[in-house]
Amino acid sequence: MNIVSKICLLVVCVWGLYGCERGQSPLSLDKKPISRALPIITAKSLHSPVGKPSMNVAIKYSEYTVPMGEVFELETPLLSGLDAGELEVTATADNAVTLYDGVFKRFSPVRRGELPFTLNVLVQQPGKHYLTLELTHRKERVKFPHKTVKLILWVGEKPELTLKKASSLSKHTVLPAQERE
């Protein structure tokens, strides 16, 4: 340690001891209780999950079991936390899914709460299919104007999740270390 480091250490120690003699640490701040109203999470006040911030709109249901080979009406309500501007919803799907009426809808003015969104859909193959909803919030100076959400459409039976038991550790072979010369 050089002389400058020793002097700095001595000053910090004396300052700390002075604070201990007075009954409080010189490093501690005056602690005042913070009075901040915490938001109450309800169906009308939505929030994004931890992670990337986004538009304050969510889908009520994310998975549907649907029939194959017949046109059906799919009701997928949107849960809105927006209170001004317009909300435009555009639906697209993969090749095995045909969308008829309701592919585009505009909510003007948008309001908080549940927004009805209905599509007429025909699914032509069994399995798992995705329906994409592209949301656009039209308002001046909006922080997050776009959001994309996916719905899962199951046709037929869902595959069950099966967990395989891990193999025992005794099957692993331990090799001896080899030294280099």
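Any residue at all in the stretch 115-122 that's surrounded by 13 or more Cβ atoms within 10 Å (Cβ to Cβ), over 20 Å from THR148 (Cβ atoms) and touching a residue at least 12 places away in the same chain (Cβ under 8 Å)?
yes
Can you tell me which residue is surrounded by the fewest Cβ atoms within 10 Å (Cβ to Cβ) among those in the stretch 94-114 that are part of a strand (DSSP E or B) and in contact (Cβ under 8 Å) with a residue 40 or more places away in the chain? Give the steps one after another, and end with the answer.
The first filter runs over the stretch 94-114 and keeps only residues part of a strand (DSSP E or B), leaving 97-99, 104-107, 113-114.
Checking the rest, the ones that are also in contact (Cβ under 8 Å) with a residue 40 or more places away in the chain come to 97, 113-114.
Details: VAL97: 20, GLY113: 15, GLU114: 13.
Looking at residues that are part of a strand (DSSP E or B) and in contact (Cβ under 8 Å) with a residue 40 or more places away in the chain, I get GLU114.
Take the residues in the stretch 130-181 that are surrounded by 10 or more Cβ atoms within 10 Å (Cβ to Cβ) and of a type in the set (D, E, K, R), then tell me which one is modelled with the highest pLDDT. Quick ask: steps written out before the conclusion?
Taking the stretch 130-181 and keeping what is surrounded by 10 or more Cβ atoms within 10 Å (Cβ to Cβ), we get 130-139, 142-156, 158.
Keeping just the survivors that are of a type in the set (D, E, K, R) gives 134, 138-139, 143, 147, 150, 158.
Numbers: GLU134: 94, ARG138: 89, LYS139: 86, LYS143: 82, LYS147: 91, LYS150: 91, LYS158: 75.
Checking each candidate, the answer is GLU134.
Restricting attention to the stretch 123-137, report how many residues are assigned to a strand (DSSP E or B), within 15 Å of GLY156 (Cβ to Cβ) and not β-branched (Val, Ile, Thr). Write out each step before concluding.
At the first step, the residues of the stretch 123-137 found to be assigned to a strand (DSSP E or B) are 123, 127-137.
Within this subset, residues satisfying the condition of being within 15 Å of GLY156 (Cβ to Cβ) are 123, 127-129.
Remaining after also requiring not β-branched (Val, Ile, Thr): 127-129.
Final tally of qualifying residues: 3.
Of the residues in the stretch 50-79, how many are part of a strand (DSSP E or B), surrounded by 13 or more Cβ atoms within 10 Å (Cβ to Cβ) and β-branched (Val, Ile, Thr)?
Adding up the residues that qualify gives 3.
LEU82 is checked against (1) within 30 Å of GLY127 (Cβ to Cβ); (2) modelled with pLDDT of 85 or more and fails just one. What number does that condition carry?
(1)
The values are calculated or read from the model by the stated rules, or taken from the named source; none is laboratory data. What you see is a predicted model; the values in this text were computed from it and never measured. Note: ideal-geometry Cβ built from the backbone for every residue, glycine included; neighbour counts use all protein chains shown.
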